[in-house]
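**Q** Take a look at this one; I'll ask things after.
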């Protein structure tokens with residue numbers, strides 16, 4: 001019924017490290033995902049926590065705009081992925097006038113929260129289109 005999307009772009013976390021955190025919460029309920037992220041030791045867990053909280057707030061605003069009831073316990077992480085952002089190139093001076101390149105990678109993180117009945121409708125629609 002309600003689907004909300006939250007994105008953060010150009011975050012200074014490498015995509016590999018962010019994917020480790022995002023993989024932990026994929027498919028979980030939103031409230032449970034927040035609890036997991038709150039105590040996760042990884043550095044990328046804080047921006048992902050804020051992103052899930054933002055997606056929950058987006059869902060609440062979207063439900064209020066359409067005059068429908070939304071229980072936050074019904075929301076779950078339907079889609080979560082990390083794309084590679086721009087890479088900042090820096091140089092480290094080395095011996096004898098040389099310079100080594102340092103790549104500071106960034107990430108684009110996307111979280112989609114949905115309610116269970118919506119995903120059941122989407123699955124049913126995809127099965128119908130697949131049978132044709």
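**Q** Tell me whether region 68-82 contains one or more residues that are surrounded by fewer than 17 Cβ atoms within 10 Å (Cβ to Cβ) and within 15 Å of the chain's Cα centre (by Cα).
**A** For region 68-82, residues surrounded by fewer than 17 Cβ atoms within 10 Å (Cβ to Cβ) and within 15 Å of the chain's Cα centre (by Cα): present.
**Q** Okay, next question. Which condition does residue 52 not pass, out of (1) surrounded by 13 or more Cβ atoms within 10 Å (Cβ to Cβ); (2) in contact (Cβ under 8 Å) with a residue 40 or more places away in the chain; (3) more than 17 Å from residue 9 (Cβ to Cβ), if it passes all the others?
**A** Just one mismatch for residue 52, condition (3).
**Q** Working only within region 1-37, note down all residues that are out of contact with any strand residue (DSSP E or B) (no Cβ under 6 Å at 6 or more places or on another chain), within 15 Å of residue 113 (Cα to Cα) and surrounded by 19 or more Cβ atoms within 10 Å (Cβ to Cβ).
**A** Result: 2, single match.
**Q** Here's something else I'd like to know. If the requirement is being loosely packed, with under 14 Cβ neighbours inside 10 Å and out of contact with any helix residue (DSSP H, G or I) (no Cβ under 6 Å at 6 or more places or on another chain), which of these qualifies: 57, 40?
**A** That would be 57, the only listed residue that is loosely packed, with under 14 Cβ neighbours inside 10 Å and out of contact with any helix residue (DSSP H, G or I) (no Cβ under 6 Å at 6 or more places or on another chain).
Each reported figure results from applying straightforward, stated rules to the coordinates on display, with no laboratory input. All values reported here derive from a predicted model rather than from experimental measurement. Virtual Cβ from ideal backbone geometry, glycine too; neighbours counted across all protein chains shown.
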